[in-house]
Amino acid sequence: MTISRRAIVIRFAAIACGLAPFLLAELFFTWAGWGRPDDHVDPFVGFRNTRPLFVLNEEGTDYVIPKGRQVCFRPETFSAKKSTDEFRIFCLGGSTVQGRPYAIETSFTTWLELSLQSADPSRQWEVVNCGGISYASYRLAPILEEVLDYGPDLVILYTGHNEFLEDRTYRHIKQRSEILNKAIELASHSRTFHVMRSAILGNNSAEQDPTTELPEEVEARLDYRGGLDKYVRDPIWHAGVVGHFEFNLRRMIAICDRAGVPVWLVDPVSNLRNCPPFKTSHRDDLDDVDFQRWQELRMGATEHYRKNMPLAINMLKQAAAIDDQHAGLWYDLGKSYEVIGQYDLAAVAYRRSRDSDICPLRMVEPLYDALFEVAESTGKPVIPVRELFETHCEHGIPGGFLLVDHVHPSITGHQMIAELLMEQMESAAFVLPHPGWQTDRDARYKTYMESLDEKYYIEGQRRLGGLQSWAQGRATQERGEIDASGTPNTAKNDEQP
């Protein structure tokens, strides 16, 4: 049955008439400047309350991080009045930016500032550390909006490791059909959608949907006793986390673009070689017969580790064919491949272990994919920290002396990150180093390191022990527990990543 040309024209005309009101509305809202998608509040979560990260000191001369925000942040300050020759950089991220398990004093932000001072002492260089313990991308977006009022010349975002720490159900997304979610995602790119949504929900969508509301400061699952038990395999939740991460990267880039401030993304590194998975689990549909066979193969492989590693690897591969979701098995494979010198296969196995971890305290591959997709589509540079560490770590597998735990670089690692950022600063013509500036930098580094007393390093080692206990789910605090003074126990500065 053929359709006449007249019928086709009528159908297209009907569709055009149906879309005309939407197109006219979109044109009007664009002209009026209403409903800009990137200006909209986070559709995934809201916060019960927000406070500025920086406040003026009593003299009104400097911005400082108040004590009330130092649960998650370290003391930091910068001048309220920016001088004409000052280049000001804000670095936003989690505890890696902060320099954990040590502090800002040995973070890459400090080494970057010292390097810039050595490269071009004719200018004033200010690198402001906005690293918050356990802060994920959705908590960085409000901070970014604030710091744009302080005259930044560059923003650096180092984020991705903390996306799975807080309990966000995404129930409002889970309860919708996949078709509806896709339709809303497409519609969210239009101004009409955001104007109508704001009219219906008001400015604070979290008040309309309390399931997405988060406390003012981070409450990570592992902060409390039994937190590790809260982690289960949940593909829908993982997909929501990845979508939320991508949304916030795009949102922060758009915010910087509108302000005319350059923004760089960092490719975060994590420890693959020296970090077994934090929680393992078999695939959900593994029956008793397959489970028994899987156990026999894995235990049998251990008997051949010393004398016949190829046979052990073959048995582990057979076990992986039965259950490819057990993170511990992939870690065993990674170690085994290293023993026989097959380092490329070892790296693949280690990454599978990281991505299969039921408690993902390290950035997983879908998050990396989102970061690079956003960078490519927005034209933003990515600082290749992960590649840098792979180059300098044995056999190209991150670990060893450059990482003190699952995600935190050593002091040497932070200095290497600063050197990488200096290369990008020079490439972007933000700095024109004088010849031989590295000699002056090394002297500054040495003098600065000698100025740090022994207590600084002792405190860092103490925090490292707390971090390791925290990551292994050994918190002792109950949710809502208060200390002897009658205030909530907030030991984040000692124990969190």
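What follows draws every value from the coordinates through simple rules; no lab data is involved. Everything quoted here is computed from the prediction, not taken from an experiment. Ideal geometry is used to build each Cβ from the backbone, glycine not excepted, and the neighbour counts take in all protein chains shown.
When 108, 401, 291 are arranged by Cβ crowding within 10 Å, least crowded first, meaning fewest neighbours, the order is 401, 291, 108. Spacing of the modelled spin labels on residue 345 and residue 324, each 7 Å from Cα toward Cβ, amounts to 1.6 nm.
When the C-alpha to C-alpha distance is required to be over 30 Å, the pairs from 67/455; 81/455; 82/455 that qualify are 81/455; 82/455. Residues whose amide H comes within less than 5 Å of that of residue 78, counting only those at least five positions distant or on another chain, are 63 (H built at 1.01 Å from N in the peptide plane). Could you give the length gained on full extension between residue 472 and residue 55, defined as 0.36 nm per residue of separation minus the Cα-Cα distance, in nm? Value of the extension gain: 146.5 nm. Between residue 401 and residue 124, full extension at 0.36 nm per residue minus the direct alpha carbon distance yields a gain of 96.4 nm.
Note on residue 412 and residue 225: their simple-model spin labels are 4.1 nm apart, each label 7 Å out from Cα toward Cβ. Computed over the range 288-356, relative contact order equals 27 percent, with contacts defined as Cα pairs under 8 Å that lie 6+ residues apart.
Neighbour counts of other Cβ atoms within 10 Å put 238, 244, 161 in the fewest-to-most order 238, 244, 161.
As an exercise, take the mean of 1/r over every pair of distinct alpha carbons in the range 288-356, invert it, and state the Kirkwood radius in angstroms. So the Kirkwood estimate lands at 11.7 Å. Placing a pseudo-label 7 Å from each Cα along the Cα-to-Cβ vector at residue 79 and residue 447 gives an inter-label distance of 2.0 nm. At q = 0.14, 0.15, 0.16, 0.20 Å⁻¹, work out log10 I(q)/I(0) for the range 215-374 with the Debye formula, treating every Cα as an identical point scatterer and leaving solvent out; two decimals please. Debye intensities relative to I(0), on a log10 scale: -0.83, -0.92, -1.00, -1.30.
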